[in-house]
Amino acid sequence: MENRDFPIGVFDSGIGGLTVVRQIHSLMPNESIIYLGDTARVPYGTKAPETIIRFACEDAQFLMDQKVKAIVVACNTASAWALRELERRFALPVCGVITPGAETALIVSRNKRIGVIGTTATILSQAYTYAMKDRLQKIQVYSQACPLLVPLVEEGWLMHPITLKVLEEYLTPIVIEQIDTLILGCTHYPLLKRAIQQVIPTLASQPIELIDSAESCAQHLRRRLTDLDLLTSSAQLGTITPFFTDETPNFKRISSRFLGRKLPSATRVQLREYLL
Ligand code: DGL
């Protein structure tokens, strides 16, 4: 088998990264994907940078062992803290979600006032801010950590009044800064698009464009694979093979919500320790 016909490896701290798999599969249906969700150790968004980097290296090593042609870091938190380290340690293309999301936001925003929401660790890293400021000095970025949103999404409370209230609380301080674009900087937030779209008009007079970093990541990946001549030659529908480090009782039902269809049968794995 040629390199280009190897699968794409995607990892996340849990099941949220299936939103990225969904976008990759819809954009490049012939590509096969191996997905690793580190469900035993989720969330990464509340952990220290060294821990996030170590976990990300273990995840990437697992995917390398499966002979993938590229690694996609679907997790915003891991992309924010570990991307450079992964690029340094693993000899294959590594794509994160931060740069693609940041670049799309810069294109979409007219007034160059951009909001970013994400986990505590992602916001602490300022990765989105740096990625945008590196490309355009004059940009104004307003960030907000939203630690309560991941558990609400995993509970399936996508339009629940409590979720709407929590969103109102988190979005108010950044919306009053007259942002016209909001980056959804977490794997789970694409599932909250409808709720966010409902809350924003109650807080802002201006329309705000939502940037789904999962969607931008899939487009970025396709460009990267094209440039490297790594797009598959297969004309058949690609497969999705999921691996998880734990299987929680609700995980099948919830996973399908992220993937947008029934999750193929998954294998439980134990990751090898990676010494930094
Ligand atoms: N996947 C994480 C992210 O996109 C959210 C869940 C977690 O905190 O691990 O940042």
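The values are calculated or read from the model by the stated rules, or taken from the named source; none is laboratory data. No experiment lies behind these values; they were computed from the predicted model shown. Here the Cβ is made from the backbone with ideal geometry for all residues, glycine too, and neighbour counts use every protein chain on show. Calculation scope for accessible area: heavy atoms of the full protein, side chains included, ligands and nucleic acids excluded. Shrake-Rupley method; radii C 1.70, N 1.55, O 1.52, S 1.80 Å.
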- Hey, can you rank 266-274, 114-122, 166-174, 215-223 by average C-beta count inside 10 Å, highest first? 114-122, 215-223, 166-174, 266-274
- Message: With just the Cα atoms defining each centre, how far is the range 103-145 from the range 50-87? Give it in Å.
- Response: 22 Å
- One can check that the equivalent ellipsoid of the range 235-276, built from the alpha-carbon gyration tensor with semi-axes equal to the square roots of five times its eigenvalues, has lengths in Å, largest first, of 23, 17, 8
- Springs between alpha-carbon atoms under 10 Å, Gaussian network over the chain: tell me which of Gly156, Gly17, Gly37 tops the mean-square fluctuations. Gly156
- Item | Net charge contributed by nearby residues that have their C-beta within less than 12 Å of Leu230 (K/R +1, D/E -1) | 0
- Holding the Cα-Cα limit at 30 Å, pick out from Lys133/Lys252; Lys193/Lys262; Lys47/Lys193 the pairs that are longer than that. Lys133/Lys252
- Query: From the backbone phi of the range 262-276, what are the Karplus-calculated ³J(HN,Hα) couplings (6.51 cos²θ - 1.76 cosθ + 1.60, θ = phi - 60°) in whole Hz, Gly and Pro given as x?
  - Reply: 4, 6, x, 4, 10, 10, 8, 10, 10, 8, 7, 5, 10, 8, 6
- Simple Cβ-charge dipole of the chain, Lys/Arg +1 and Asp/Glu -1, about Cα centre, in debye nearest 20: 280 debye
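Expressed as a whole percentage, what fraction of the accessible surface of the chain belongs to carbon and sulfur atoms when a 1.4 Å probe is rolled over the protein heavy atoms?
Values: 6330 of 12440 Å².
For the chain, the apolar C and S fraction of the accessible surface comes to 51 percent.
Calculate the dipole size of the range 1-129 relative to its Cα centre from +1 charges on Lys and Arg beta carbons and -1 charges on Asp and Glu beta carbons; express the result in debye to the nearest 20.
With Lys and Arg at +1 and Asp and Glu at -1, about 460 debye.
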- Task: Once you have all Cα-Cα distances for the chain, histogram them in 10 Å bins from zero and send the whole-percent values.
- Result: 7, 32, 37, 20, 5, 0
- Query: Among Trp157, Cys75, Gln198, which residue has its Cα positioned farthest towards the positive end of the charge dipole of the chain, with +1 placed on the Cβ of Lys and Arg, -1 on the Cβ of Asp and Glu, and the dipole taken about the Cα centre?
  - Reply: Gln198
- Query: Excluding Arg54 itself, what net charge comes from residues whose Cβ is under 13 Å from its Cβ, given Lys and Arg +1 and Asp and Glu -1?
  - Reply: -2
- With +1 on the Cβ of every Lys and Arg and -1 on the Cβ of every Asp and Glu, the dipole magnitude of the range 164-268 about its Cα centre, in debye rounded to the nearest 20, is 620 debye
- Residue-by-residue Karplus 3J(HN,Hα) for the range 147-161, coefficients 6.51, -1.76, 1.60, Hz, glycine and proline x: x, 7, 6, 4, x, 5, 5, 5, 7, x, 8, 6, 10, 5, x
- Which order do peptides 71-81, 95-105, 246-256 fall in by mean Cβ count within 10 Å, highest first? 71-81, 95-105, 246-256
- Query: Roughly speaking, what is the centre-to-centre gap between the range 217-239 and the range 248-276 when only Cα atoms are used, to the nearest Å?
  - Reply: 23 Å
- From phi via Karplus (6.51, -1.76, 1.60), per-residue ³J(HN,Hα) for the range 193-200 in Hz, x at Gly/Pro: 3, 5, 5, 5, 5, 6, 6, 3
- Under a plain spin-label model, where a point goes 7 Å from the Cα along Cα-to-Cβ, how far apart in nm are Thr172 and Leu228? 4.6 nm
